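The values are calculated or read from the model by the stated rules, or taken from the named source; none is laboratory data. All values derive from a computational prediction rather than experimental measurement. Cβ: placed from backbone, ideal geometry, glycine included. Neighbour counts: every protein chain shown. Only protein heavy atoms, including side chains, enter the accessible area calculation; ligands, DNA and RNA are left aside. Shrake-Rupley method; radii C 1.70, N 1.55, O 1.52, S 1.80 Å.
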Amino acid sequence: MIRSLVLSVCFFSAAGLLAFSQTGSISKEARRLHFSSIVLDTHDDTTQRFSSSDFDLGRRNPDGSIDIPRMREGGMNAIFFSIWIDGHIMGPPAIQKALDQIDSVHENVRKYSKDLAFARTADEVRRAHAQGKIAVLMGIEGGHMLGNDIRMVRIYSALGVRYMTLAHFYNDEWADSSTDKPAHNGLTDYGKQIVTEMNRQGMLVDISHVSDKTFYDALEISKAPLIASHSSCRALCNHPRDMTDDMIKALAAKGGVIQINYEKSYLDQAYKDAAEKLGGVVATMDRLKKECGTDDACVGRKMVEQEKQDTADGKLPHVSWTEIVDHIDHAVKLVGADHVGLGSDFDGANMPEGMEDATHLPQITDALLKKGYSESDVRKILGENTLRVLAEAEKVSREMRSSK
């Protein structure tokens, strides 16, 4: 018992020193603002780790970016866990794999109910925050998980899914991806029906990963504002996964929000160019899938290992976390602070140096204040903008249902 007490004291002392070393330069004003705000991240791929025997959401893990202790330390108190499977999987197998992941999210909320609260609405996120809990939401990353069956929109919604990305790295049956050869000229007629059904269910339409034409089709048909749950600015890094200035303006004009992605190749042009010379993300993923088989967590782990080695060898340039702030600032200057949020892609992408995990999030608040942002605008970017669009989607849903 004494040994356990000593080990506990050492652990918490080390954790405290780590927290101080990472956030010691944060101003008192930034710390107060950050830890009193709702800090909502719209895209985290940690769900892929839930099936791994060496990962525990409730303890501080030695790798990755997200777990409850590090979310607490970094002030992240609302999170969208991403439901993701390989975009080549379609039909009933895609549905089954998606349901398995949805169940794993619910099970983790049940297991850690003292820290987590499942949320379906903006009000439920605020209620969890008032209770001192982390609000857990879900987003489906890729329309291929519908199995080409529009009824799954209703089923996923009933299970608590609050957004769906219309496509992923590859085209699905009814929507074109930004990183695949066009097959549908944007959204098919069936895809437009799916967007309308998402509106009816109060499920946010996410246009990250989709082709430019798919974006404009979805923008035209949707009655609710859209989100780009994890995309950055193409003007700063010319990647098809990022949004052009015109797209960001169109998104904002309809009340939507772009949530800035932290992936290095979406932030930094030099890094993106160097990564493409090495084969690019999609080609690397395809190669690693052959090595890892059905183990999706293995693919993510090997991608991180490969990226670290390529950086150490000088094949890839270093990228600073401050480029996240550059993209936030660019979007704000375009459309105002009401239309920008945070969508890290933690545990699913290569993080810039200084933003390796959730403990570093207060740095963003501090940097925005130092740029002269008002506290109100910082709160909007941290989470309030996403809560607004979530509430607006709920309102559209009520109106559509009551009109029947």
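Assorted remarks:
- Selected residue [assigned to a loop (DSSP other than H, G, I, E, B) and either of a type in the set (S, T, N, Q) or touching a residue at least 40 places away in the same chain (Cβ under 8 Å) (or both)] from H239, H230, H184: H230
- Flag for C298 being open to solvent by less than 30 Å² (accessible area, probe 1.4 Å), in contact with an Asp or Glu (Cβ under 9 Å, 6 or more places away or on another chain) and closer than 23 Å to F50 by Cα: yes
Residues checked against (1) under 19 Å from L267 (Cα atoms); (2) touching a Cys at 6+ places or on another chain (Cβ under 6 Å); (3) open to solvent by less than 10 Å² (accessible area, probe 1.4 Å); (4) modelled with pLDDT of 95 or more:
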| position | (1), (2), (3), (4) |
| --- | --- |
| S344 | yes, no, yes, yes |
| E356 | yes, no, no, yes |
| L361 | yes, no, yes, yes |
| I364 | yes, no, yes, yes |
| K370 | no, no, no, yes |
| S374 | no, no, no, yes |
| I381 | yes, no, yes, yes |
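- As a summary of the residue check, V304 satisfies the conditions (1) over 18 Å from the mean Cα position of the chain (by Cα); (2) under 28 Å from K97 (Cβ atoms) except for the one numbered (1).
- Of the candidates E220, E291, the single residue that is over 22 Å from I381 (Cα atoms), open to solvent by 20 Å² or more (accessible area, probe 1.4 Å) and modelled with pLDDT of 95 or more is E220.
- Which numbered condition M76 fails, given (1) closer than 14 Å to F346 by Cβ; (2) open to solvent by 20 Å² or more (accessible area, probe 1.4 Å): (2)
- Test: residue in the stretch 110-130 that is under 25 Å from T294 (Cα atoms), touching a strand residue (DSSP E or B) at 6+ places or on another chain (Cβ under 9 Å) and modelled with pLDDT of 95 or more: no
- In the stretch 289-315, the residues that are among the polar types (S, T, N, Q) form Cβ pairs under 8 Å with partners that are part of a helix (DSSP H, G or I), at six or more places apart or across chains, as follows: Q306/T284; Q306/L288.
- Of all residues in the stretch 338-359, those that are more than 19 Å from C233 (Cβ to Cβ) have Cβ atoms under 8 Å from Cβ atoms of residues that are of a type in the set (K, R) and open to solvent by 20 Å² or more (accessible area, probe 1.4 Å), 6 or more apart or on another chain, in D347/R49.
- Total residues in the stretch 327-336, condition open to solvent by 10 Å² or more (accessible area, probe 1.4 Å) and on the phi < 0 side of the Ramachandran plot: 6
- Lone unmet requirement of (1) over 20 Å from the mean Cα position of the chain (by Cα); (2) open to solvent by less than 40 Å² (accessible area, probe 1.4 Å); (3) closer than 30 Å to L219 by Cβ; (4) not acidic (D, E) for K254: (2)
- Filtering the stretch 258-287 to residues that are open to solvent by less than 50 Å² (accessible area, probe 1.4 Å), part of a helix (DSSP H, G or I) and under 25 Å from D41 (Cβ atoms) leaves K264, S265, Y266, L267, Y271, K272, A275, V281, V282, T284, M285.
- If the condition is being surrounded by fewer than 24 Cβ atoms within 10 Å (Cβ to Cβ) and not in a loop (DSSP other than H, G, I, E, B), then the stretch 192-217 contributes K192, Q193, T196, E197, N199, R200, Q201, D212, K213, Y216.
- For the residues S51, S25, the requirement of being under 22 Å from F346 (Cα atoms), open to solvent by 80 Å² or more (accessible area, probe 1.4 Å) and either small (G, A, S) or modelled with pLDDT under 95 (or both) singles out S51.
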